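Each remark here refers to the structure printed beneath this line.
The values are calculated or read from the model by the stated rules, or taken from the named source; none is laboratory data. None of the values given here were measured: they were computed from a predicted structure. Every residue, glycine as well, gets a Cβ built from its backbone with ideal geometry; the counts of neighbours run over all protein chains shown.
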Amino acid sequence: MLVAGINVEAFEVLSSSEPPVSPTEVLAKDKPNDAGGSIIVTWRKSDDDVEENELVKEYLVFRSSALDGEFELIGTANKGFEKFVDGTTIDGTQYYYMVKASDRVLHSPPATSEAVSSSAQWFHSGRISMLVATVMICFLILWFIRKAKKGKELYIRPIAGLEAVDDAVGRATEMGKPIMYIPGIADMDDIQTIASVIILGRVARKAAQYETSLLVPCCRSIVMSAAQETVKEAYISAGRSDAYDADKIRYLTDDQFGYAAGVDGMMLREKPGAIFYMGTFYAESLILAETGHSTGAIQIAGTAMPSQLPFFITACDYTLIGEELFAASAYLSKEPLLLGSLKGQDMGKAIIIAILVGGVILVSLGFTKIIAWLATG
């Protein structure tokens with residue numbers, strides 16, 4: 001029946017309806033394993049929160065810093081949910097939380113939690129396995145470094161590209177041609193460039209022993225200075241300090257393709273017998289490698305740039321892939337710190353892989369026994 005445009009029956013139903021039953025057991029606690037600033041609020045849902053009716057459509061979550069203070073609405077949770085995460089808290093400040101069930105028209109009486117404050121945790125309890133693995137690897141690294149310093153021979157898996165370094169230097173010497181070493185286009189703050197300079201020391205030492213000219217075009221001025229000092233030290237240690245020529249270790253340009261053009265020009269003029277590409281390379285890698293291949297030089301490359309590896313593998317005789325570049329610096333320099341670190345990491349990886357494989361086998365056997373038990377009744 002309509003009276004003055006109002007549905008009287010609908011008005012009577014609305015006015016006679018009652019609010020839903022309140023949720024219970026509201027509990028607020030600091031969110032575990034985080035950097036602070038979060039509190040988890042949980043509750044037991046209202047008795048009216050059932051699928052058969054719409055007496056509860058959502059839960060309203062309020063927050064206040066004082067029990068007798070004004071509570072502010074901070075969020076909602078959908079019907080059927082019993083959890084809300086407040087990620088806007090200030091560590092050390094106590095908060096009270098109030099939860100109400102609502103049908104979006106009427107709200108239940110509030111249910112309030114005890115006071116709680118958020119804080120940051122020092123340790124993530126779910127990552128204990130990572131802590132154990134880290135401690136184990138650190139122990140292995142320190143142990144192998146100690147063994148290397150005592151002069152014990154550490155076995156490193158032979159890498160074809162590293163075994164060919166001496167052969168490449170010897171070939172260039174027999175042909176009476178110079179050696180060209182390209183340390184990449186990155187600066188000295190790049191770990192690949194650091195590894196490249198270490199490898200340069202070994203190549204320079206061999207070049208000094210064989211009295212072979214060594215050309216090192218650099219893309220960065222700081223790399224040039226580091227390369228000059230490395231090569232100079234190598235020549236001195238080989239007893240050939242008089243043969244060292246700093247002008248053969250030169251700076252070209254910081255421009256990527258300008259550097260590539262300059263190096264290509266040197267290749268075509270000098271016709272090196274061996275070319276080394278060690279370090280960080282980008283789009284210029286194929287340009288350099290193709291030009292070096294056209295000169296007939298033996299080429300050895302090494303980089304940790306995945307996008308450039310296919311070009312080096314195609315155009316070079318030997319290629320050090322990814323971590324082999326870093327292993328090369330330890331393999332060739334025989335520095336105890338580098339050898340011990342490399343050996344410790346390899347052993348740590350081997351142990352972790354063995355644990356994972358053993359775990360998979362045990363789990364598989366366990367599932368097999370359960371299935372067999374279920375099949376036999």
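A few points about this structure:
- Extreme residue, surrounded by the fewest Cβ atoms within 10 Å (Cβ to Cβ), among residues of region 293-314 that are farther than 17 Å from ALA328 by Cα and in contact (Cβ under 8 Å) with a residue 60 or more places away in the chain: ILE298
- Selection within region 85-125: residues that are aromatic (Phe, Trp, Tyr) and over 19 Å from ALA66 (Cα atoms). The member of this set that is modelled with the lowest pLDDT is PHE123.
- Scanning region 60-75 for residues that are part of a strand (DSSP E or B) and either loosely packed, with under 15 Cβ neighbours inside 10 Å or of a type in the set (Phe, Trp, Tyr) (or both) yields a total of 3.
- Restricting attention to region 211-253, the residues being within 18 Å of VAL263 (Cβ to Cβ), hydroxyl-bearing (Ser, Thr, Tyr) and part of a helix (DSSP H, G or I) number 1.
- When we screen ALA28, ALA35 for residues that are within 45 Å of the chain's Cα centre (by Cα), outside any strand (DSSP E or B) and of a type in the set (A, V, I, L, M), the only hit is ALA35.
- The residues on offer are VAL203, VAL169, VAL165, VAL132, and the sole one that is at pLDDT 90 or above, farther than 30 Å from PRO23 by Cα and part of a helix (DSSP H, G or I) is VAL203.
- Flag if LEU154 is assigned to a helix (DSSP H, G or I) and out of contact with any strand residue (DSSP E or B) (no Cβ under 6 Å at 6 or more places or on another chain): no
- In region 38-59, the residue that is surrounded by the most Cβ atoms within 10 Å (Cβ to Cβ) out of those that are outside any strand (DSSP E or B) and aliphatic (A, V, I, L, M) is VAL56.
- When residues of region 313-340 are limited to those that are of a type in the set (Gly, Ala, Ser) and closer than 15 Å to ILE198 by Cα, the one modelled with the lowest pLDDT: SER333
- Any hit, region 263-270, residues being surrounded by fewer than 21 Cβ atoms within 10 Å (Cβ to Cβ), touching a Leu at 6+ places or on another chain (Cβ under 9 Å), part of a loop (DSSP other than H, G, I, E, B) and in the same structural domain as ASP317 (by TED's automatic domain parsing): no
- Residue in region 9-23 that is modelled with pLDDT of 90 or more and either loosely packed, with under 12 Cβ neighbours inside 10 Å or hydroxyl-bearing (Ser, Thr, Tyr) (or both) present: yes
- If the condition is being within 34 Å of the chain's Cα centre (by Cα), surrounded by fewer than 20 Cβ atoms within 10 Å (Cβ to Cβ) and not charged (D, E, K, R), then region 162-191 contributes ALA164, MET188, ILE191.
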